[in-house]
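The values are calculated or read from the model by the stated rules, or taken from the named source; none is laboratory data. Computed from a prediction, not measured in an experiment: that's the story for all the values here. Quick reminder, even Gly has a Cβ in these numbers, built from the backbone with ideal geometry, and neighbours come from all protein chains shown. All accessible areas refer to the heavy atoms of the entire protein, side chains included, with ligands and DNA or RNA removed. Shrake-Rupley method; radii C 1.70, N 1.55, O 1.52, S 1.80 Å.
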Amino acid sequence: MLDEQDGQHATAVTPAGAGWLASAAPYPRSALSLWESRPTAPTVLDCGSVFDVVNVPAIFGRRMLDTLWSEGPGSGPVAGHRGRMLLFAAPGTAQRLPSLLHWEEWGDAVPPLLCHGTGDAVTVPSPTSSVPRSGPRWLVAPDTRHPWLPGPEVMLWACVRAARAAAAPATRTDGLSIFPRADQGAKVYDVSRRR
């Protein structure tokens, strides 16, 4: 996760996480060598065999991520790139998630999702943690050789929760209410102590 105060990464990709990312490349050892020689260079990796990616607008993605961590099972790796969040998911999620959203009739309430699966590729940040804040960066870095990846049902749940949160009316704190204000000079009696 990001440290909100200074924008620096609180977690970094571990060597095991880098190995997991590299396993999605056609030549994993070449990917690892590239990262060693050019530590800040983003890389394009294939989707569909090791992971799928659900690519969402940043604000909606933040709601999904908050929901996954506060009310759900957590998330897999997550990257930020060009105003969007890349949520890594189990293979097959890219194919099923749009259909599930349509079937559940939430497709119109969710901003445009780009689901990257078999035959697609995504640009991922370098496994180093020294990438500047403005470029691609890891928000939840891969840290194991086999990270947990949410499936389509978990991603559907997070999308629906985030859409509901976006659609909920904001809580008003300015004192306006549909109910008339209580008379400030009225006497209040505690009737709970009646005998």
Within-14-Å neighbourhood charge of residue 30 [Cβ basis; K, R +1; D, E -1]: 0
Portion, in percent, of the accessible area of the range 13-147 that falls on carbon or sulfur, probe 1.4 Å: 53
Environment charge at residue 52 (Cβ cut-off 14 Å; Lys +1, Arg +1, Asp -1, Glu -1): -2
Around residue 20: net Lys/Arg minus Asp/Glu count, Cβ-Cβ under 12 Å: 0
